[in-house]
1. When the range 105-145 is examined, which residues are found to be in a loop (DSSP other than H, G, I, E, B), without any contact (Cβ under 8 Å) to a residue 60 or more places away in the chain and surrounded by 14 or more Cβ atoms within 10 Å (Cβ to Cβ)?
2. Taking helices (runs of 4 or more DSSP H) that fall entirely within the range 146-207, which contain at least 2 residues that are out of contact with any Phe, Trp or Tyr (no Cβ under 6 Å at 6 or more places or on another chain), free of Cβ contacts under 8 Å to residues at least 24 places away in the same chain and not small (Gly, Ala, Ser)?
3. Do the conditions hold for residue 158, that is, is it under 18 Å from the mean Cα position of the chain (by Cα), under 19 Å from residue 220 (Cα atoms), surrounded by fewer than 24 Cβ atoms within 10 Å (Cβ to Cβ) and not acidic (Asp, Glu)?
4. Using beta carbons and a limit of 7 Å, which pairs, at least six apart or on different chains, have the first residue in the range 2-18 and surrounded by fewer than 13 Cβ atoms within 10 Å (Cβ to Cβ) and the second one assigned to a strand (DSSP E or B) and not basic (Lys, Arg)?
5. Residue by residue through the range 5-64, note down the ones that are of a type in the set (Asp, Glu) and assigned to a loop (DSSP other than H, G, I, E, B).
6. Can you pull out every residue in the range 204-242 that is among the polar types (S, T, N, Q) and buried (at least 16 other Cβ atoms within 10 Å of the Cβ)?
Amino acid sequence: MPEKTSGKFTDASGTKLYYEVLNPQGRITVAFFNGVMASVNSWSAQAALFARLGFRVVLHDFKGQLLSDKPDCAYSFADHAESALQLFAWIGVQKPHIVGTSYGGEIALRLAMDYPDLPASISVIDSAASLDERGRAFIQEWRRLALAGDAERFFRAMLPTIYGEQYLAANRELLERKALAMRSLDASWLTAQVRLYDAFFDGVEMESGLSAVCCPALVVCGEDDVLKTPEQSRRIARAITGAEFVMIPDCGHVTILERPDALNSVLLGFITKHSGDVIFA
């Protein structure tokens with residue numbers, strides 16, 4: 001197994017962020033940015049592959065997520081991007097390839113806009129640079145359910161909005177176990193989810209600034225994503241000069257779990273192409 005280091009990093013605001021680094025001696029870094037309800041282990045299929053192939057892999061939970069601090073304050077994509085920048089500097093990461101899904105993809109866009117010299121590339125999966133009325137309604141409902149304080153009910157209610165039909169049908173037992181496991185979450189997780197959702201309303205309107213993204217960009221979406229639709233991904237790709245666009249068939253919003261093999265092939269090809277040299281042994 002690849003070597004792993006982990007711990008807590010304190011950003012400039014005093015927030016402790018949980019992080020992991022796989023294959024710390026790797027010369028080329030791939031950093032994975034979580035979806036809003038996710039944690040570092042959500043990337044297991046991608047992180048294991050890239051570490052095995054010699055990349056240094058960096059993962060962390062944003063503030064408000066499962067393993068990091070959950071301060072009682074407003075969260076924003078810009079703040080998350082700045083904290084990630086500080087984490088990279090502390091670890092000694094330069095020119096990372098950034099891969100983000102959903103909320104994490106939007107933070108990747110924000111980082112590439114605010115710090116254009118930092119990323120070697122960005123890969124944005126199932127994300128949006130603007131909030132349409134359907135997405136607004138979904139997030140408002142998630143917010144209402146989170147405020148109700150029942151994590152299991154919250155998880156069951158949001159399932160149809162994020163997973164595709166094939167994944168739901170094939171993984172009933174797994175999703176049932178996950179729903180029951182939600183009972184063990186501390187109440188602070190749901191409270192922090194509300195703050196994370198509020199960041200959508202305050203900061204997701206980024207389409208007009210996407211022309212500032214100057215690194216290579218890959219935009220990926222699930223064909224059956226109803227939360228952040230393929231058209232929203234196409235809009236991102238059209239707004240970034242030279243961006244590549246890939247749609248994964250038979251897949252909903254959570255491509256990293258629903259179609260990991262197809263996604264890994266796309267990510268590996270794109271990132272290797274923009275890594276500058278061959279690192280495979």
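Every number here is computed from the coordinates shown, using simple stated rules; none is lab data. Nothing here was measured: the structure is a model prediction, and the numbers come from that model. So basically every Cβ, Gly included, is an ideal-geometry build from the backbone, and we count neighbours across all protein chains shown.
1. 115, 118
2. 151-162, 172-181
3. Against the criterion (under 18 Å from the mean Cα position of the chain (by Cα), under 19 Å from residue 220 (Cα atoms), surrounded by fewer than 24 Cβ atoms within 10 Å (Cβ to Cβ) and not acidic (Asp, Glu)), residue 158 does not qualify.
4. 5/21; 7/19
5. Taking the range 5-64 and keeping what is of a type in the set (Asp, Glu), we get 11, 20, 61.
Selection gives 11, 61.
6. Across the range 204-242, the qualifying residues are 229, 232, 233.
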